[in-house]
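**Student:** Just dropping this structure here.
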Amino acid sequence: MKCITRAWDLHENELRGFLLGQVKDPQLSEDLLQDVFVKALAENDKFCTLENTRAWLYRVTRNRLIDYYRTHKILDDVPEELPDSKIDPEPVVNLSKCLPTALQQLSEQDRDIIEQCDLDGMSQSDYAELRGLTLVATKSRIQRARVKLENALKKSCGIIFDEQGNVCCFDSNCE
């Protein structure tokens with residue numbers, strides 16, 4: 001998780017500015033940006049091995065934008081290249097800031113497996129070995145912990161997921 005949040009902190013405002021320049025709608029650009037963040041989180045340890053996280057984030061952002069245009073039958077051109085300059089729009093509280101709050105609501109066991117496997121990139125087999133568990137037990141445990149984390153995010157940050165499981169919107173004043 002540390003490599004994901006580090007990369008996100010470095011590039012989030014730039015990605016936000018790129019999206020805002022493309023869609024001209026602050027709320028829509030925030031929604032698309034959060035979809036990109038969730039995609040980065042879903043990569044787990046794969047994200048930490050990327051050589052160029054900025055390029056990966058832009059590729060995912062561009063693909064998400066194209067998907068949005070296709071589903072809404074919008075035929076604007078999406079730039080192929082990364083923008084050269086960093087755009088620093090007014091900071092907005094983002095979903096990554098809700099994660100620590102939601103993690104604190106989990107039991108120590110659930111928080112540990114999420115942090116080790118999903119956020120820090122430890123493989124499930126390594127986690128199982130470290131904790132003296134079977135791989136099947138570890139897989140079951142992490143699935144339960146993820147459901148609890150999702151519920152904690154929904155509760156503490158008002159996150160709403162669409163039918164595909166993507167973040168639709170959230171309360172930026174999470175508690």
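**Student:** Of the listed peptides 136-142, 34-40, what is their order by residue-averaged count of other C-beta atoms within 10 Å, with the highest listed first?
**Tutor:** On the way: 136-142: 15.6, 34-40: 20.6.
Sorting 136-142, 34-40 by mean packing, highest first, produces 34-40, 136-142.
**Student:** Given the pairs K2/K154; K2/K139; K46/K148; K2/K24; K46/K139, which span a C-alpha to C-alpha distance of over 26 angstrom in this model? Intermediate results must be reported in sequence, preceding the final value.
**Tutor:** Values: K2/K154 22 Å; K2/K139 22 Å; K46/K148 23 Å; K2/K24 31 Å; K46/K139 18 Å.
Beyond 26 Å between Cα atoms: K2/K24.
**Student:** Expected output is a single nm value to one decimal: the length gained when fully extending between R144 and V38, i.e. 0.36 nm times separation in residues minus the C-alpha distance. What is it?
**Tutor:** Numbers: separation 106, 0.36 × 106 = 38.16 nm, distance 1.84 nm.
Length difference between fully extended and current span is 36.3 nm.
**Student:** Using mean Cβ contacts within 10 Å as the protection proxy, how do 18-30, 47-59 order, highest first? Numbers along the way, then the final one.
**Tutor:** On the way: 18-30: 17.1, 47-59: 15.5.
Ranked by mean Cβ neighbours within 10 Å, highest first: 18-30, 47-59.
Rule-based calculations on the coordinates, nothing more; no lab input. The model shown is predicted, which means the values in this text are computed figures rather than measured ones. All Cβ positions, even for glycine, are placed from backbone atoms using ideal geometry, and neighbour counts span all protein chains on display.
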